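K.L.:
Next up is a structure, given as structure tokens.
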Amino acid sequence: MNYRQLGKTGLMVSEIGLGGEWLERHTAEEVKQVIHRCEEAGINILDCWMSEPNVRSNIGKALVGKREKWYIQGHVGSTWQNGQYVRTRELPQVKIAFEDLLARLQTDYIDLGMIHFVDEPAEFHRIMEGDFFRYMKELKERGRIRHIGLSTHNPAVGKLVAECGEIEMFLFSVNPAFDMLPATENLDDYFADSYDESLNGISPERAQLYRLCEQNQTGITVMKGYAGGRLFKSETSPFGTALTPVQCLHYALTRPAVASVMVGFDTVEHVDAAVAYETASMEEKDYASVLAGAPRHGYYGQCTYCGHCAPCPAGIDIAMVNKLCDLALMQEKLPDTLKAHYSQLSANADACVSCHSCESRCPFGVRIAERMAKTKALFG
């Protein structure tokens, strides 16, 4: 296992990490098996954003006697209320949930205290200027958390994190579908003024974010590195071609400032498939050739979250709404987490007035107004 320094924290974390979300649907014994296999492979960082009590307890049982082997990325603001997950900034609930996290994980500190799920700049500013961040600093002063982090899907928020100087790292969604513009000749022309060839088609906003993080030593851990498995099949990949887990991992790990990819594991076999990255050949890691040779029709009509549909006159973050819609469509049952993320947007698909102005700017011919209607029905 290779280890990387996580920004200014000084922590040396395994480049493959454990994202705990899928452990919610497993027994204590199954959770123990996955965590022990991770330990054997040299994985030393895990993300626990989940507020559900049983999964917290099961992870804690698996860590008994081995706490010092792990860096825990624990989220502050993810709470369990009336039998369901609720993201909140209300300090009484936040404090109860944080103490519950410590108790169930059987530890007296969290290595990386994460301000949970901040996806809008306005909310970032409210947090930094209010009681919530004062509470985070208090936790750090008391040694209850060792470092302050944050989780976001929005590069604009990531940029604010990298610039503020008070947050040392953040958890961010990185994969080719969320990040990359396809390297086809016509699109090179379309983005001629801002397209960065040296970064293999990453959207300029994200390319700038990664470079800023590298410059300011703001560490990044990665979520959604596999896009929920969407990239593993040509039928569901927006590129019209499939990538392997190793290729997805290599993509994320070649972004500036990225230290670790938090992979969701259901089984020990899933752990082995990710850890195979450590011994993979360069040919096996090569994602660029696959994407460069992807069929053009693989992009047409499918949102790659490039953001060129903006600005929306109704204030909708169309790329984010489309991303949440695509993630929701991959699930048999709409997860409460996606519902929560969707409901927290300042404007969602309900606000669409079908003006179609966004569609004239979309390089992929996405029927955005139709997708907004579909998303509205999907999320109710």
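The values are calculated or read from the model by the stated rules, or taken from the named source; none is laboratory data. Owing to the predicted nature of the structure, the values given are computational and were not obtained by experimental measurement. Neighbour counts are summed over all protein chains in view; Cβ atoms, including those assigned to glycine, are modelled from backbone coordinates with ideal geometry. SASA here: full protein model, heavy atoms, side chains in, ligands and nucleic acids out. Shrake-Rupley method; radii C 1.70, N 1.55, O 1.52, S 1.80 Å.
K.L.:
What net charge do the residues around Leu91 carry, taking every other residue with its C-beta under 10 Å from that of Leu91, with Lys and Arg at +1 and Asp and Glu at -1? Don't skip to the answer; put the middle values down first.
P.N.:
Numbers: positive: Arg89, Lys95, Arg134; negative: Glu90, Asp131.
Net charge around Leu91: +1.
K.L.:
Give the accessible surface of the chain per residue, rounded to a whole number of Å², with probe radius 1.4 Å and ligands, DNA and RNA excluded.
P.N.:
42 Å²
K.L.:
Tally Lys and Arg at +1 and Asp and Glu at -1 over the other residues with C-beta under 11 Å from the C-beta of Glu359: what net charge comes out?
P.N.:
For residues surrounding Glu359, the net value is +2.
K.L.:
What residues have an amide H closer than 5 Å to that of Tyr71, excluding those fewer than 5 places away on the same chain, when H is modeled at 1.01 Å from N in the peptide plane?
P.N.:
Ile45, Leu46
K.L.:
Quickly rank 350-360, 47-57, 268-278, 148-158 as a protection proxy: mean count of other C-beta atoms within 10 Å, highest first.
P.N.:
148-158, 47-57, 268-278, 350-360
K.L.:
Taking only the Cα atoms of segment 1-141, how large is their convex hull per residue, in Å³?
P.N.:
119 Å³
K.L.:
Positive end of the dipole of the chain, charges at C-beta (+1 Lys, Arg; -1 Asp, Glu), about the Cα centre: which of Tyr226, Cys248, Thr88 has its Cα farthest in that direction?
P.N.:
Checking the options against the dipole of the chain, the answer is Thr88.
K.L.:
Picking from Asp266, Asp286, Asp108, which is most flexible by a Gaussian network model of the chain using Cα springs under 10 Å?
P.N.:
Between Asp266, Asp286, Asp108, it is Asp108 that shows the largest mean-square fluctuation.
K.L.:
Would you kindly find the accessible area of Arg134, with a 1.4 Å probe and non-protein molecules such as ligands, DNA and RNA excluded, rounding to the nearest 10 Å²?
P.N.:
Number for this one is 130 Å².
K.L.:
Taking Rh as the Kirkwood radius, which is the inverse of the mean 1/r over Cα pairs, what is the Rg/Rh value for segment 75-155?
P.N.:
Looking at segment 75-155, the ratio lands at 0.95.
K.L.:
How much of the accessible area of the chain, probe 1.4 Å, is carbon plus sulfur, in whole percent?
P.N.:
So the carbon and sulfur contribution to the accessible surface is 48 percent.
K.L.:
Stokes-Einstein at 10 °C, 1.306 mPa s, Kirkwood radius from Cα pairs: D for segment 105-144 in µm² s⁻¹?
P.N.:
It diffuses with D of about 141 µm²/s by this estimate.
K.L.:
For Ile115, list long-range residues whose amide hydrogen, built 1.01 Å from N in the peptide plane, is under 5 Å from its own amide hydrogen.
P.N.:
Hits under the 5 Å cutoff: Val76, Gly149, Leu150, Ser151.
K.L.:
I would also like to ask the following. Over 18 Å, how big is the tail of the calculated P(r) for segment 218-266, in percent of all Cα pairs?
P.N.:
Counting pairs separated by more than 18 Å, the tail of P(r) holds 30 percent.
K.L.:
With θ set to phi - 60° and the Karplus curve 6.51 cos²θ - 1.76 cosθ + 1.60, what are the ³J(HN,Hα) couplings of segment 7-14 in order, to the nearest whole Hz, using x for Gly and Pro?
P.N.:
Karplus values, whole Hz, x for Gly and Pro: x, 7, 5, x, 6, 9, 10, 5.
K.L.:
On to the next question. Whose amide H sits under 5 Å from the amide H of Val261, counting only residues 5 or more places off or on another chain, with H placed in the peptide plane?
P.N.:
Distant-sequence amide H within range of Val261: Ile16, Gly17, Val222.
K.L.:
How big is the gap, in Å, between the Cα center of segment 213-276 and the Cα center of segment 25-91?
P.N.:
Centre-to-centre (Cα) distance: 20 Å.
K.L.:
Take every DSSP beta bridge with both residues inside the chain and express the antiparallel ones as a percent of the total, to the nearest 5.
P.N.:
20 percent
K.L.:
When only Cα pairs under 8 Å and 6 or more residues apart are kept, what is the percent relative contact order across segment 101-146?
P.N.:
53 percent
K.L.:
What is the local net charge at Gly42, summed over the other residues whose Cβ is closer than 12 Å to its Cβ (Lys, Arg +1; Asp, Glu -1)? Write down the numbers at each step before the final one.
P.N.:
Working: positive: Arg37, Lys69; negative: Glu15, Glu39, Glu40, Glu278.
Local net charge: -2.
K.L.:
Under a GNM of the chain (C-alpha, springs under 10 Å), which listed residue has the highest mean-square fluctuation: Ser346, Ser289, Ser14?
P.N.:
Among Ser346, Ser289, Ser14, the largest mean-square fluctuation in the Gaussian network model of the chain belongs to Ser289.
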